[in-house]
Structures are given as structure tokens and as C-alpha cells.
Amino acid sequence: MPMDERQQLMRQIQQLSFATVDLNLYLDTHPMCQQALFEYNRFTQELLRLRRMYEMKYGPITNFGYAPSQYPWQWVSEPWPWE
Amino acid sequence: MWIYEKKLQYPVNIKNKDVRMAKVMMTQYGGPDGELSAALRYLTQRYTMPTGKSKALLTDIGTEELAHVEMIATMIYQLTRNATPEELEAGGLGGFYAQHDHALYWNDANGVPWTASYVQSQGDPIADLHEDLAAEQKARATYERLITLTDDPDVIDPLRFLRQREVIHFQRFGEALNDVQFHLSSPKYH
């Protein structure tokens, strides 16, 4: 089944998000590594950009003040990640 | 403080029901070497780590493990979605159905409920980090056995991802252990 636009964008966010998690753990034990830090900051910027794009179109990925919501409150929209 | 992200860390899209596989996978949800044990172990050991690096690492790996709890839950949920009571019974989950219907619950592959005695928190960073290294290897070995128990690519793919994360976490914990040992043996500490 081909992925729709929303799924494709989510897949890109998952990939970038994974890269930042993995680099984050690496930096925890290598805080002086400039190359890893450069990559972490680069992926973080790109991730923020794609998140904003996704959240404008399809609703917030995070709540508690990390992303605004359109009316009505979008956080309750389905599907949830396990569905 | 934690925040929730309305997404999985890695995609899970299981199309075929498989009650038998859901049952054995429960060990990674509520078993001794499962993701819940991992998350809670690291998130409680972090308070008595001696360095900024080790506090950060236990916080961050503990947090990633919570995302793995969600992935395993999603896999079990999807493997048993729309299963009839008869199908659950035939797949070995008749007792589970009687107690929990289609809900998720923290027990191992044999129905034994999760217990805090699966994890330790010694307050000794060397002992705790050694436990963490062992935990990652036990989870890695469990994922390898789970992969041999299915031929469904929708199940194998996320299991392979989770197995790989155990390997990375082991690597990072090893680096943290070396660093903590160096820190504890440095003159300024004594």
C-alpha cells in the first residue's frame, strides 16, 4: 500500500528524530565531539522545520505547550500511534 | 518532566493477526528483561550517578526505553486486534482474555506479572552500570529468539530495530562505565 502525504512526512520526521536520539546518546558520552554536535544541531533544525509543517497540516505531535493547536483542540484527534 | 510525542519511534504496521506471537512477545512488555524493566531501571538509577554524563545517559536511554515500551505494546495490540475469544484461547491467551480481555497488561510470555524485583538500584554506580550492560545483552538475546519465532516481515522489521538499539545502548553504557571508573579513581575525587 503506497504511503499518503501525511505518512511520508511522518516517516521523514521519524527518521530525523531517530538521528537526533542516536546522536544525543553518543554526545552524552562524547560531549567534546564537534562533528557529532554539528550533525545534532543540523538534524535538530531540519526536524523542527518538518514538525512545524506536519503540525500545521495534521495537528500537534506534542502538547503541554510545545505546539499550538487550531480550533477545536486537535490533540484528541485520531488515529493514535498504536492504531 | 516528560512530554509525550504522538508518534512511534519506529513504524509498526502489522497486518496479520498472530495470537501465538503476541503471547511470546509479552516478555518484552512485562518480563524481567523487557522494555518496562529497562525504562524503570535506568530512570531510578540515575539519581545516584556521579557525573553529568552518566546522569544524562541514564535519563536519555530510560526515556528511549519508554518509547520501546510503546512499540512493543503497539505490536501486541496489533497482533491481537479483532481476535475472537476462541482464537485467543487457541493461541494460548485464554487465561489472559479472562483476566484482561483485549487490554495490554505487564506480564511475561508465561503470564507471570511484572515485579519490581526484576530490577536493582544499588546506589553504587559501578554495580548499577554493570547491571545495565547485562540487561541490554539479555534483551538483545531475547529479541534474537523472538525473531526466530516468526516469519512475518511486519513483525521482524521492528524487532530488528529494537535489537539494534540494545546493541547501541550496551556500547554507550560501556563508555559511561569507563568514564565513571576514571572519575572515581581521579585524585580530585579522593
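The values are calculated or read from the model by the stated rules, or taken from the named source; none is laboratory data. The structure presented is a predicted model; accordingly, all values stated were derived computationally and were not measured. Backbone-built Cβ (ideal geometry, glycine too); neighbour counts: all protein chains shown.
Kindly indicate the residue of the stretch B:1-16 that is in contact (Cβ under 8 Å) with a residue 12 or more places away in the chain and touching a Pro at 6+ places or on another chain (Cβ under 7 Å) and also farthest from B:ASP60 (Cα to Cα) among those meeting that condition.
Among them, the one singled out is B:VAL12.
How many of the residues in the stretch B:1-22 are loosely packed, with under 14 Cβ neighbours inside 10 Å and at the interface with chain A (Cβ under 8 Å from one of its Cβ atoms)?
Number of matching residues: 1.
Could you pull out every one of the helices (runs of 4 or more DSSP H) wholly within the stretch B:93-190 that has 2 or more residues that are touching a residue at least 40 places away in the same chain (Cβ under 8 Å) and touching a helix residue (DSSP H, G or I) at 6+ places or on another chain (Cβ under 9 Å)?
B:125-148, B:153-185
Across the stretch B:91-145, what is the number of residues that are more than 29 Å from B:TYR47 (Cβ to Cβ) and hydroxyl-bearing (Ser, Thr, Tyr)?
Final tally of qualifying residues: 1.
Would you check which residues across the stretch B:70-101 are exposed (fewer than 15 other Cβ atoms within 10 Å of the Cβ) and within 14 Å of chain A (Cβ to nearest Cβ) and list them?
Those that are exposed (fewer than 15 other Cβ atoms within 10 Å of the Cβ) and within 14 Å of chain A (Cβ to nearest Cβ): B:ARG81, B:ASN82.
Being more than 10 Å from chain B (Cβ to nearest Cβ) and either part of a helix (DSSP H, G or I) or acidic (Asp, Glu) (or both) is the filter here, so list the residues in the stretch A:1-18 that pass it.
A:ASP4, A:GLU5, A:ARG6, A:GLN8, A:LEU9, A:GLN12, A:LEU16
Being within 14 Å of chain A (Cβ to nearest Cβ) and within 10 Å of the chain's Cα centre (by Cα): is that true of B:ALA67 here?
yes
Does the stretch B:63-72 contain at least one residue that is modelled with pLDDT of 95 or more, within 23 Å of A:LEU23 (Cα to Cα) and touching a Pro at 6+ places or on another chain (Cβ under 8 Å)?
Yes: one or more hits.
Taking B:GLY62 as the residue in question, decide whether it is closer than 29 Å to A:GLU78 by Cβ and either within 14 Å of chain A (Cβ to nearest Cβ) or in contact with a Cys (Cβ under 8 Å, 6 or more places away or on another chain) (or both).
yes
From the residues in the stretch A:52-83 that are in contact (Cβ under 8 Å) with a residue 24 or more places away in the chain and more than 8 Å from chain B (Cβ to nearest Cβ), which one is surrounded by the most Cβ atoms within 10 Å (Cβ to Cβ)?
Step by step, filter the stretch A:52-83, then rank; the result is A:TYR54.
Quick check on the stretch B:69-84. Is at least one of its residues within 30 Å of A:MET32 (Cβ to Cβ) and hydrophobic (A, V, I, L, M, F, W, C)?
no
For the stretch A:19-48: of the residues being within 16 Å of the chain's Cα centre (by Cα), without any contact (Cβ under 8 Å) to a residue 12 or more places away in the chain and surrounded by fewer than 17 Cβ atoms within 10 Å (Cβ to Cβ), which is nearest to the other protein chains (Cβ to nearest Cβ)?
A:LEU48
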